[in-house]
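Structure first, then comments.
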Amino acid sequence: MPAVVVVGTQWGDEGKGKATDQLGQDVDYVVKFNGGNNAGHTVVIDGEKFAFHLLPAGVLTPGVTPIIGNGVVVDLEVLFQEIAEIEERGKSAASLKVSANAHIIPSYNRLMDRATEKFLGDRQLGTTGRGIGPTYADKMNRIGIRIQDLFDESILRQKVRGALDQKNDLFEKVLGVEPIDPEAVADELLSYADRVRPMVIDDSLVLNDALDAGKTVLFEAGQATMLDIDHGTYPFVTSSNPTAGGACTGTGVGPTRIDSVVGVVKAYTTRVGEGPFPTELLDADGDRLREEGGEYGVTTGRPRRCGWHDAVVTRYAARVNGLTDLVMTKLDVLTGHETIPVCVAYDVDGERVTEMPLTQSGFHHAEPVYEELPGWTEDITGVRRFEDLPVNAQRYVERIEELARVRVSAIGVGAGREATIVRHELLG
Ligand code: GDP
Ligand code: IMO
Ligand code: MG
């Protein structure tokens, strides 16, 4: 039975929340494998909107076990806030599980995140300020705090003291802020222990047993390919691996068990935060995409940078993720344009390239080469069959499919769960 990975193919906010929710109707487990509450995933059910940051989008589906995998970084305050919020709305997170190996975002790393940005000055990344980067850095530096540490008070205190030994020096001497009391941090973390305990699992064991028993598992990525620490536009990236391989390291499920990798792709492109973006539109067309697409961040409320579809990026994402399918979202937002440009190549310092430039400097210099596709004017939000789309909308999808060399298996024509055209079953 299938293990299906859902990833973002661009710079995030492609509609992974909606895709996960929709596919999640027919699965047993939805597991997040990377990132933390830097993510903002929107799900719209019967007109009611939910925005998830840390909770897997499957949490609303009866019968689904939502899991926060070992590759995720967990802000405990945010976790319980989100649980309380959905409970206030009559939903339950009672079946939520968390990996014992997931790392915790201690409050000092939120401070470190903002301080680092400040010190970068005009080279800043525009992070979400949630402490993501410093927490992954601690993990790699082997001074991180894990969920399991909540259940051994002396180890926890020792680890918090160890981490702050290094950081307090920096806070005090470089940033001019008061040193942080490790015992107060440990007390705060320990105050969550009893609530976390019933949720804690060995995610690798639970998921592999589930797959052995013929259950279906959906792996939900946060962020996206171009924000990947290895494969994205470094250093303008997040600090985890949102690409498909991250689903394996972030949950303890081996690559041989993954059946398909679904890339979610917006019909156009958006980016939040700093960094190169070849098809960015700084004109009225960009404003129009932002307004018509409602392109404002779910997590920070920042206006998203908008541009035309970049098929070089989509093909790159197909390669580094080994995509089997694409889910194209927001095709409805492109209605009403006379022609729609699609970027098919770049000019980089006088040379035409159709693959991602070898170096980051090359990508910074990339000028988009556009192909103009004819647009359509008909309202497509009510369309549910591909052949009922205006012929130019069909051609737009088919051209991107051709350029990406991956089939487009579903198309979003609205934010609601039902506003989708399915061409190929993704859980077959
Ligand atoms: P995620 O981070 O990848 O889950 O995406 P976000 O939730 O941050 O942003 C996607 C936005 O697009 C949300 O507001 C969704 O409700 C909305 N959305 C998703 N799919 C579609 C679609 O096909 N059409 C329209 N109009 N909106 C969509
Ligand atoms: P979802 O899952 C869009 C961006 C930030 C910043 C960079 C680093 O909703 O697609 P971080 O706080 O992660 O250290 O910030 O990454 N970023 C996102 N952009 N969608 C997201 O998540 C993002 N998560 C992080 O804006 O540029
Ligand atoms: Mg988002």
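Here are a few things to note about the model shown:
- On full extension, the segment bounded by Ile86 and Glu117 gains 8.0 nm, given 0.36 nm per residue less the C-alpha separation.
- Highest-first arrangement of 394-405, 33-44, where packing means the average Cβ count within 10 Å: 33-44, 394-405
- Coordinate range of the alpha-carbon atoms in the range 140-235 per principal axis, descending: 55, 40, 19 Å.
- Dimensions of the range 20-86 from C-alpha coordinates, computed as largest minus smallest value along each principal axis and given longest first, are 29, 23, 17 Å.
- Only Cα sites of the range 357-427 enter the Debye sum here, all with the same form factor; the resulting log10 I(q)/I(0) across q = 0.19, 0.23 1/Å is -0.85, -1.05, listed in q order.
- Each of His309, His53 was scored by other Cβ atoms within 10 Å of its Cβ. Listed from fewest to most, they are His53, His309.
- Cα convex hull, the range 265-422: 119 Å³ per residue, rounded to a whole number.
- Lysines with Cα under 18 Å of Lys159, excluding same-chain neighbours fewer than 8 positions away: Lys139, Lys167
- Across all directions, the average flat footprint of the convex hull enclosing the Cα atoms of the chain is 20.3 nm².
- Rough spin-label spacing in nm, given labels placed 7 Å along Cα→Cβ, for Arg257 and Glu402: 4.0 nm
- The Stokes-Einstein estimate for the range 193-332, based on a Kirkwood radius over Cα pairs and taken at 4 °C with 1.567 mPa s viscosity, is a diffusion coefficient of 76 µm²/s.
- Note that the range 34-45 has calculated 3J(HN,Hα) couplings of 8, x, x, 8, 6, 6, x, 10, 9, 10, 10, 10 Hz, one per residue in order, obtained from phi through the Karplus relation 6.51 cos²θ - 1.76 cosθ + 1.60 (θ = phi - 60°); glycine and proline are x.
- Between the range 133-209 and the range 337-413, the alpha-carbon center distance in angstrom: 44 Å
- Antiparallel bridge percentage (DSSP; both residues within the range 265-422; nearest 5): 75 percent
- Computed from backbone phi, the HN-Hα couplings of the range 305-319 come to 6, 10, x, 6, 5, 10, 6, 5, 5, 5, 5, 4, 4, 4, 6 Hz, rounded to whole numbers (Karplus: 6.51 cos²θ - 1.76 cosθ + 1.60, θ = phi - 60°; Gly and Pro given as x).
- For the range 1-40 and the range 243-308, distance of Cα centres in Å: 13 Å
- For the range 252-268, Karplus couplings with θ = phi - 60° (6.51, -1.76, 1.60), whole Hz, Gly/Pro x: x, 10, x, x, 5, 8, 7, 8, 8, 10, 9, x, 8, 9, 6, 5, 10
- Ellipsoid equivalent to the range 63-159 - semi-axes via the Cα gyration tensor, in Å: 26, 19, 11
- Computed FRET value (nearest 0.05) for Glu188 with Ala284, which takes r as the C-beta separation and R₀ as 41 Å: 0.25
- Candidate cross-link partners of Lys330 among the lysines, defined by an alpha-carbon separation under 26 Å and a same-chain spacing of 8 or more, comprise Lys16, Lys18, Lys32, Lys49, Lys266.
- Annotation for Glu291 and Thr249: the two label points, set 7 Å from Cα along the Cα-Cβ direction, are 4.4 nm apart.
- Counting all C-alpha pairs of the range 103-196, share separated by more than 21 Å (%): 30 percent
- Full-stretch length increase - Val174, Ala51 - with 0.36 nm per residue and alpha-carbon distance subtracted: 40.6 nm
- Degrees between helix 76-88 axis and first principal axis of the chain (Cα, 0 to 90, nearest 10): 60 degrees
Here, each number is a calculation from the coordinates, and none is a lab measurement. Here the structure is a predicted model, which is why all the values come from computation and not from measurement. Heads up, the Cβs are rebuilt from the backbone with ideal geometry, glycines too, and the neighbour counts pull from every protein chain shown.
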